[in-house]
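Quick notes on the structure that follows.
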Amino acid sequence: MASNGRTVQDVSPHEFVKSYAAHLKRSGKIELPEWVDIVKTGVLKELAPYDPDWYYIRAASIARKIYLRGGLGVGAFRRIYGGSKRNGSRPPHFCKSSGAIARHILQQLQEMKIVEIDPSGGRRITSVGRRDLDQIAGKIAIVAP
């Protein structure tokens, strides 16, 4: 259990993702792919992300979502991070995000022993991953209302 008895569910999602992304960057266990600075996050986007740490933020967000609701796979994350594609003068439509980014992050989290493959499909959080995420949540001072 985390110090102060706080878990990931008890803290603000924005604050948690920010602090866990900083933790992932400090630990150096996630190796960035060579395409991280030029890739778009989906067909719906026109430009690559402006934030140089976007990969760590996405990894922290994926870890949090698996913590809260296991059984998510690449297809689910494509839907979660998808959005509206602007087609110029034609009507906009929903478009999925990149599967390669989600797959690569899930593989990195699996190597770190944060997530594991769920036999019923998708990924689930490991006991080590749950402990790490709860430790980060315990250090956050701002509690969500």
| remark: Picking from V115, V128, the residue that is within 27 Å of D10 (Cα to Cα) and out of contact with any helix residue (DSSP H, G or I) (no Cβ under 9 Å at 6 or more places or on another chain) would be V128
| Restricting to the stretch 1-34, what's the tally of residues that are buried (at least 16 other Cβ atoms within 10 Å of the Cβ), in contact (Cβ under 8 Å) with a residue 60 or more places away in the chain and basic (K, R)? | 1
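Residue-by-condition table, conditions (1) out of contact with any Pro (no Cβ under 6 Å at 6 or more places or on another chain); (2) within 28 Å of A137 (Cα to Cα); (3) modelled with pLDDT under 95:
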position	(1), (2), (3)
A21	yes, yes, no
W35	yes, no, yes
D51	yes, yes, yes
A59	yes, yes, no
L68	yes, yes, no
N87	yes, no, yes
R90	yes, no, no
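The values are calculated or read from the model by the stated rules, or taken from the named source; none is laboratory data. Since the model is a prediction, treat every value here as computed from it, not as a measurement. Note that we place each Cβ from the backbone using ideal geometry, even for glycine, and neighbour counts take in every protein chain shown.
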